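Here's the structure, in structure tokens; my notes come after.
Bear in mind these aren't lab numbers, they're just calculated from the coordinates by the rules spelled out. Since we're looking at a predicted model, the values are computed, not measured. Please note: Cβ atoms are built from the backbone with ideal geometry, for glycine as well, and neighbour counts cover all protein chains shown.
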Amino acid sequence: MKLSAIFCFMLSFLLVCTLTSSNATVRSNFTLATYNLTVTATTGGTITVPSLSPIAVEQDVATTITASANTGYYFVNWIVSAGAASIADANALSTTATLTSGDATVQANFTINTYIITPSVVGSGSITPSTPQTVDYGTDKQFTFSADIGHHFDSL
């Protein structure tokens, strides 16, 4: 029976081994680095995947991220707001984020829906304001109607 003797020590990231008799095997085990992915949303939306944030993810492994717009808002895009990451499709509600070198934060951006109200008058009278008005979802815009002399308001 042949016995191997080996003496090893770590010096920073260098493993130094000295054989004292016969051949030996030195095996090193490596695992992917793990980082924290934080997923946030601006006003007007929520994050549905992942359900908790931050989450631990492995470096260079794609992680699914999904956002959902609230009523009256629409999804704009994903951005990397901190750290180093790539986003597979920044314009998709559901896509993947891949961390490349440490913790990172990705953000889903939302914008409120806007609408144009175009006032018009049929008959003799006026409406103020008389020009098209842009309004945000859920907000009110006041208009004043005035009938000319000899006329009355009929309907909207």
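Provide Rg over Rh for the chain; use the alpha carbon set for both Rg and the Kirkwood Rh (inverse mean inverse pair distance). Mind showing how you got there, number by number?
Details: Rg = 31.7 Å, Rh = 21.4 Å.
Rg/Rh for the chain comes to 1.48.
Suppose the chain between residue 42 and residue 93 were pulled fully straight at 0.36 nm per residue; how much longer would it get relative to their current alpha carbon spacing?
Full extension from residue 42 to residue 93 adds 17.0 nm.
To the nearest 20 Debye, how big is the dipole of the chain about its Cα centre, given +1 on the beta carbon of each Lys and Arg and -1 on that of each Asp and Glu?
Numbers: 3 positive and 8 negative charges, 172 e Å.
It comes to approximately 820 debye.
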Based on the Cα coordinates of the stretch 91-149, what is the per residue volume of their convex hull in Å³?
121
